[in-house]
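**Student:** Sending over a structure as structure tokens; questions will come in a sec.
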């Protein structure tokens, strides 16, 4: 929004609306899309572009008008082609054209943004960071809960199969382990998202370590599953060996007793 400070007064609100609406759309669309304000001033050029982040393909172009009358004229004239016409929300006069879309950004927010653009940008960037952290926390909670459910369920229900605990005890233990996994997953996901959100300089480092960390986590999960299965087989095998040993001991003890009785010892 650097050009806001240098622009004439009539253009300030238009520029503010472009940037604030772009930030708001980015907040709601998430990381799959990139919402940008092109530095193009050609006739009928779009004010906002929505692109697929991975490929850069443009999926929508938008034309922003600060008041509903200008938005209606733009939509009726069709000079902007397939561009979506957008206007701030909460205006006294509502748009009469069904093709005009109302932004989540209000006219009052646009006016404040025009008078203090840096503060307006910081506010929306903070909202975007909080939304990203919340999404990461929710994803981390689900991932942590699923991983904990898998490990704890496998461990405790195999213990039930071995006769080491009752089924109700196993269910309670799995429930609490899953809850703990969800909490730890949410905390770690939120922390991992908060670092790039509030410390952008660390993003290159996180991009480098993210893949190894995921690989290590997957390896540990698989390794823990095999350790639980191996422990289960080991306990069952030892129990069987002990049973055979007890049977053999009883047999030889009975045999010795019969021999001793026969010899009158």
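**Student:** According to a simple spin-label model (label point 7 Å from Cα along Cα-to-Cβ), what is the distance in nm between residue 44 and residue 183?
**Tutor:** Simple spin-label model gives 6.1 nm for this pair.
**Student:** Next up: Which shape class applies to the stretch 2-115: rounded if a/c is under 1.5, otherwise prolate when a/b exceeds b/c and oblate if not, where a ≥ b ≥ c are the square roots of the Cα gyration tensor eigenvalues?
**Tutor:** Values: a/c = 1.41, a/b = 1.16, b/c = 1.22.
Rounded shape, in that the Cα axes give a/c under 1.5.
**Student:** Normalise the Cα radius of gyration of the stretch 102-170 by 2.2 N^0.38 Å (N = residues in it) and let me know the number. Write out the running numbers ahead of the final one.
**Tutor:** Working: Rg = 24.3 Å, N = 69, 2.2 N^0.38 = 11.0 Å.
Dividing the Cα radius of gyration by 2.2 N^0.38 Å gives 2.21.
**Student:** Between residue 227 and residue 171, how high is the FRET efficiency from 1/(1 + (r/R0)^6) when r is the Cβ-Cβ distance and R₀ = 35 Å? Nearest 0.05. Spell out each step's value before the answer.
**Tutor:** Values: r = 22 Å, r/R0 = 0.64.
Calculated transfer efficiency: 0.95.
**Student:** For the stretch 142-182, what is the relative contact order in percent, using Cα pairs closer than 8 Å and at least 6 residues apart in sequence?
**Tutor:** Averaging sequence separation for qualifying contacts and normalising by length gives 63 percent for the stretch 142-182.
The numbers here are math on the coordinates, done by the rules we state, and not lab data. Here the structure is a predicted model, which is why all the values come from computation and not from measurement. Every residue, glycine among them, receives a Cβ derived from its backbone with ideal geometry; neighbour counts consider all protein chains shown.
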